[in-house]
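Take a look at the structure below.
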Amino acid sequence: RIIYIMVTVWMTLGAIPAWADRTPYDWALIQLDYNRQEKVDQLERFMQRIHTLAQEAAKDQTIISFFEMNRQYHNAGKSQEAPASLISDVEKMRQHFNGYYIANYFIFYDILFVDMDGSVFHTLRKEVDTHINLIDKKQSLGFLSTAVANKPGHEVFIDFYEYGPSSEPAAFFIEPVEKQGVQKGWIILQCPINKLNSIFSATDDLGQTGETFLVNSNGLMLTESYFKGQSTILKARLDD
């Protein structure tokens, strides 16, 4: 999707060197162009990093094994109660995996493990999206549910939107999980908005009254404005 970077600034024109051949407006625009390009580069590096990690996660044998263990454990529990020893062993393996997640994929806020029927059989954060069915319209989670209902066999990216279970905006990479050439479900990697916000939180050389922020294709801000007393993310809309 198209996103825009907008820069607002009030600059002290008296600081322009006397020897400059350019007008004060020329120097102001040069500075704005520089700051805009700097933020674009930072944003591209960040998005490339999380995209690469999402693709790696879908092929990570540790994640695939963990996915399959939890899927089988969840499905077995539908027909009979698991013995205490098995429950204890599974919890130990989950604790071990949490350490693996923190060491390798902590850039993602959460990972949802989803069966082919849309059932979320495990999550790391254990929010209210755990053990729901994304395809069930009564439990719908908006754009995420719509995407899973299409049962994609390829990667899908869901842009930032208000995600109820986390009480904040989130974006998602939906990655199919395969074992021996057969798709078993999906891992869904949740991207928090605060990672983006941190990129745009401070801009050098714009003084105390300048700020840089990110806007999506609908004109909604994806980062906070520090001149507002309340959150602007997906709430403040800007025209052209």
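Within the range 77-114, the residues that satisfy the criterion of being among the polar types (S, T, N, Q) and over 29 Å from residue 145 (Cα atoms) are 85, 88.
Residues that are of a type in the set (A, V, I, L, M) and open to solvent by 60 Å² or more (accessible area, probe 1.4 Å) within the range 92-110 comprise 93, 102, 103, listed in sequence order.
Results for (1) over 29 Å from residue 72 (Cα atoms); (2) of a type in the set (Phe, Trp, Tyr); (3) modelled with pLDDT under 85; (4) buried (at least 21 other Cβ atoms within 10 Å of the Cβ), shown as yes or no for each residue.
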position	(1), (2), (3), (4)
156	no, no, no, no
181	no, no, no, no
189	no, no, no, yes
194	yes, no, no, no
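Determine, yes or no, whether residue 123 is without any contact (Cβ under 8 Å) to a residue 60 or more places away in the chain, buried (at least 16 other Cβ atoms within 10 Å of the Cβ) and under 22 Å from residue 192 (Cβ atoms). Against the criterion (without any contact (Cβ under 8 Å) to a residue 60 or more places away in the chain, buried (at least 16 other Cβ atoms within 10 Å of the Cβ) and under 22 Å from residue 192 (Cβ atoms)), residue 123 qualifies. Restricting the range 158-172 to residues that are among the hydrophobic types (A, V, I, L, M, F, W, C) and open to solvent by 10 Å² or more (accessible area, probe 1.4 Å), the residue that is nearest to residue 61 (Cα to Cα) is 158.
Here the condition is being part of a helix (DSSP H, G or I), at pLDDT 85 or above and surrounded by 11 or more Cβ atoms within 10 Å (Cβ to Cβ); of 89, 41, it holds for 89 alone.
The values are calculated or read from the model by the stated rules, or taken from the named source; none is laboratory data. In this text the structure is predicted, and so the values were computed from the model without any measurement. Every residue, glycine among them, receives a Cβ derived from its backbone with ideal geometry; neighbour counts consider all protein chains shown. Please note that ligands, DNA and RNA were not included when accessible areas were found on the heavy atoms of the full protein model with its side chains. Shrake-Rupley method; radii C 1.70, N 1.55, O 1.52, S 1.80 Å.
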